[in-house]
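Working notes, beginning with the structure itself.
The values are calculated or read from the model by the stated rules, or taken from the named source; none is laboratory data. Keep in mind that what you see is a predicted model, and the values were worked out from it rather than measured. For neighbour counting, all protein chains shown are included, and Cβ atoms are generated from backbone atoms with ideal geometry for every residue, glycine included.
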Amino acid sequence: MNAYANQRSMLWSKVYPEFASSTEPAIRNIIDNTMQVEAPAGSLIISPGTLCEQYLFVVTGKARVHILTESGREVVLYYVGSGDSCVLTTSCLLSHEPFPAGIVAETDVVAFTVSATLFEQAMDTSPRFRRFVFRKFGERLVDVVSRMEQICAPSIERYLAQTLLELSGDTAMITTTHQELALRLGTAREVVSRHLKHFEVNGWVHLARGCIRITRPEHLKRIIAQ
């Protein structure tokens with residue numbers, strides 16, 4: 001084994017030990033045929049609209065996956081670091097759709113790349129590889145949802161405050177459930193419950209089973225005006 005192959009084997013063992021110890025032919029084929037690539041900090045790794053032809057195994061460094069709004073604002077969806085995989089790359093390889101975002105190296109990045117053909121073969125024949133891909137897909141998808149919630153949180157908080165005041169009318173008492181409020185706002189019950197708890201901790205509302213009492217309407221009005 002030459003020095004390069006030995007170094008690559010050591011990196012696989014350190015970062016992806018579940019693969020390095022595998023004897024499955026599909027996984028051994030991936031390890032033997034991956035290419036090591038490097039991207040300096042600040043460089044564009046993948047641009048929007050690019051066809052996904054490779055699956056990435058990040059070894060060192062961190063990259064950010066982002067989209068650009070029509071106004072030119074960059075919205076970070078998630079970060080990919082050592083031992084991670086990119087949920088959008090997985091999605092594009094499975095669907096054969098172009099990449100909808102951009103990936104930029106946040107730091108110097110070293111990664112292994114495997115062709116789409118080998119990726120599909122491993123997905124078809126290797127249970128271990130499928131479990132890895134879908135586990136990483138699920139973990140990263142949770143990150144994306146959480147990130148979107150953070151971005152939308154100010155709007156949800158404002159709309160929630162506005163809805164509470166509208167439902168209260170001339171009284172301070174509202175008969176409703178967290179689920180009913182969630183349906184009105186078009187979000188999840190857990191999101192509504194979290195914001196209501198924040199309102200209660202600050203003394204703006206009092207929560208009880210099936211009802212909400214507004215104790216500080218002026219604070220809710222300030223949220224709406226922000």
- request: Please work out if Val114 is under 21 Å from Thr23 (Cβ atoms), in the same structural domain as Pro98 (by TED's automatic domain parsing) and not basic (Lys, Arg).
  value: yes
Exercise. Tell me, yes or no, whether segment 179-187 has at least one residue that is farther than 19 Å from Ile223 by Cα, assigned to a helix (DSSP H, G or I), at pLDDT below 85 and not hydroxyl-bearing (Ser, Thr, Tyr).
Key: yes
Exactly one of Thr215, Thr187, Thr171 is in contact with a Phe, Trp or Tyr (Cβ under 8 Å, 6 or more places away or on another chain) and either of a type in the set (Ser, Thr, Tyr) or more than 30 Å from Val87 (Cα to Cα) (or both), and that one is Thr215
Checked Tyr55, Tyr78, Tyr16 against criteria (among the hydroxyl-bearing types (Ser, Thr, Tyr), farther than 23 Å from Ala122 by Cα and touching a residue at least 40 places away in the same chain (Cβ under 8 Å)); the one match is Tyr78
Note on segment 48-75: residues surrounded by 12 or more Cβ atoms within 10 Å (Cβ to Cβ) and assigned to a loop (DSSP other than H, G, I, E, B) are Pro48, Thr50, Cys52, Glu53, Gly61
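Yes/no matrix, rows are residues, columns are (1) more than 16 Å from Tyr16 (Cα to Cα); (2) under 21 Å from the mean Cα position of the chain (by Cα); (3) of a type in the set (S, T, N, Q):
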{"position": "Tyr55", "(1), (2), (3)": "no, yes, no"}
{"position": "Gly61", "(1), (2), (3)": "no, yes, no"}
{"position": "Leu68", "(1), (2), (3)": "yes, yes, no"}
{"position": "Glu74", "(1), (2), (3)": "yes, yes, no"}
{"position": "Thr90", "(1), (2), (3)": "yes, yes, yes"}
{"position": "Gly102", "(1), (2), (3)": "yes, yes, no"}
{"position": "Ser126", "(1), (2), (3)": "no, no, yes"}
Exactly one of Val75, Val80 is in the same structural domain as Leu118 (by TED's automatic domain parsing) and modelled with pLDDT under 90, and that residue is Val75
When restricted to Val145, Val133, the only residue assigned to a helix (DSSP H, G or I) and either in contact with a Leu (Cβ under 8 Å, 6 or more places away or on another chain) or without any contact (Cβ under 8 Å) to a residue 12 or more places away in the chain (or both) is Val145
Restrict the check to segment 191-213 and report whether at least one residue is within 15 Å of Gln162 (Cα to Cα) and of a type in the set (D, E, K, R). yes
#### Entry: Filter pass, Leu167 being aliphatic (A, V, I, L, M), touching a strand residue (DSSP E or B) at 6+ places or on another chain (Cβ under 6 Å) and assigned to a helix (DSSP H, G or I)
yes
Restricted to segment 11-42 and to residues being in a helix (DSSP H, G or I) and among the aromatic types (Phe, Trp, Tyr), the residue nearest to Gly61 (Cα to Cα) is Trp12
Reported set for segment 181-214 where residues are over 27 Å from the mean Cα position of the chain (by Cα) and either farther than 13 Å from Glu157 by Cβ or in contact (Cβ under 8 Å) with a residue 60 or more places away in the chain (or both) is Glu200, Val201, Gly203, His206, Leu207, Ala208, Arg209, Gly210, Cys211, Ile212, Arg213, Ile214
Of (1) part of a loop (DSSP other than H, G, I, E, B); (2) on the phi < 0 side of the Ramachandran plot, Gly83 fails just (2)
